[in-house]
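Derivation of every value follows stated rules applied to the coordinates shown; laboratory data play no part. Predicted model, so just to flag it, every value in this text is computed and none were measured. For neighbour counting, all protein chains shown are included, and Cβ atoms are generated from backbone atoms with ideal geometry for every residue, glycine included.
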Amino acid sequence: MTTINRLRIASITVLASTISILPIFVNANEVEIGFANRTMNGPYFNALTHHIEMAGEENGYKVYSTDARGDINKQVSDVEDLLSKGIKYLILDPQDPLAGEKMTRIANSKGVQVITVDSHISETAPVVTRVQPADEKNNVMIGEMAAKQFGDQEVKLALISGNQGNLGGKIRRDNFINGVISQQLRDHNETRMQIVGQLWGNWDQIGGLKAMEDLLVSQPDLNAVYAENDDMALGAIRAIRASGKSFEEVRVYSYDGSKKGYQAIIDGQLQATAMNSPTELSKKVIEVINALEKGETEFQNYSRTKAVLVNKENVKQYYDENAMF
């Protein structure tokens, strides 16, 4: 073998070994994130996982995601599995506020910082920040709009709630009621509302349909319905339509800002909803992680998305027929 051939072989060998280690070097520096979602049951939670994965990957992060299927014990196990992968940050949509704190402390013990998204967690949980929609302000605005629509007419309100003990649902309905009362006091110096009933719709259309059917029978004089999410409102709309009543006789309000909710506004069946956008929540979560990567250490307890009331005046500005949610 000639000296020139020996040199060529040696050069190829060095080049091949250099190429083989490059991907290992790149992957070793990739920041890994875990997202422990509390469920994937429904378009909202599917969209939340999708947009967190997309936003993370667009910013150069490796994102692992899990689905607890509404089970607290499984979510704890999911978090432990994510931590075993060596993630640097944990995004958590906690199934339960107290269990969420436990998961956060487990992560912190491994040196992993936690950002919660969407659902509520105990105030004592050691998280970087809580990324949430503007639930309070959004629902106050929906309530204020309802009060203005009714004017000096008494509001006979029925509530369709998700499930008993859910903190997020309570915040939604309490602030809707506060919005109605505050606006009535400003306009009339008195309140003109009675809550005629409350039933549970389990956060889906079938539950909202059944609850509304029962409310129409037990409270035939009701003239307003507030559902804690758009899906239950869509079920209520089906029941109202089947009863022969118009959507002026029974006005429907809800919260979440889903594509189907927007369509119901366009169709004149839903009076208003407000924006609880998985896309915007995902962007804000990744913004927090970007800030942490830059060395920032000071964050507010809550990082909220913008409050946006959506009604017939502006619905076409936000409706997107291709949206996941």
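Values computed for the structure shown
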{"read-out": "Summed side-chain charge close to Val310 - residues other than Val310 whose Cβ falls under 13 Å, Lys, Arg +1, Asp, Glu -1", "value": "+1"}
{"read-out": "Burial order of peptide ranges 195-203, 222-230, 281-289 (average beta-carbon count within 10 Å, highest first)", "value": "222-230, 281-289, 195-203"}
{"read-out": "Cα-based shape type of segment 135-274, given that a ≥ b ≥ c are square roots of the gyration tensor eigenvalues and the cut on a/c is 1.5", "value": "rounded"}
{"read-out": "Surrounding net charge for Val196, when Lys and Arg each add one and Asp and Glu each subtract one, Cβ distance under 10 Å", "value": "0"}
{"read-out": "Low-density loop cleavage sites - trypsin sites (Lys or Arg not before Pro) in segment 99-184, where at most 15 other Cβ are within 10 Å (DSSP)", "value": "Lys110"}
{"read-out": "Euclidean distance between Cα centres, segment 113-170 to segment 274-325, Å", "value": "16 Å"}
{"read-out": "Cα-based equivalent ellipsoid of segment 149-226: semi-axis lengths in Å, sorted from largest, via gyration tensor", "value": "24, 16, 8"}
{"read-out": "If the convex hull is drawn through the Cα atoms of segment 30-186, its volume per residue in Å³", "value": "128 Å³"}
{"read-out": "Amide H partners (placed H, <5 Å) of Ser303, local residues excluded", "value": "Arg130, Val131, Gln132"}
{"read-out": "Under 27 Å from Lys148, Cα to Cα: lysines that are on another chain or at least 8 residues apart", "value": "Lys137, Lys156, Lys170, Lys245, Lys259, Lys260, Lys306, Lys312, Lys316"}
{"read-out": "Space enclosed by the convex hull of the alpha-carbon atoms of the chain, per residue, Å³", "value": "172 Å³"}
{"read-out": "Calculated [θ] (222 nm, deg cm²/dmol) that DSSP helices of n ≥ 4 give over the chain, each run adding -39,500 (n - 2.57)", "value": "-16500 deg cm²/dmol"}
{"read-out": "Sequence-separation-based contact order of segment 135-274, relative, with Cα cut under 8 Å and 6+ spacing, percent", "value": "25 percent"}
{"read-out": "Sequence-separation-based contact order of the chain, relative, with Cα cut under 8 Å and 6+ spacing, percent", "value": "17 percent"}
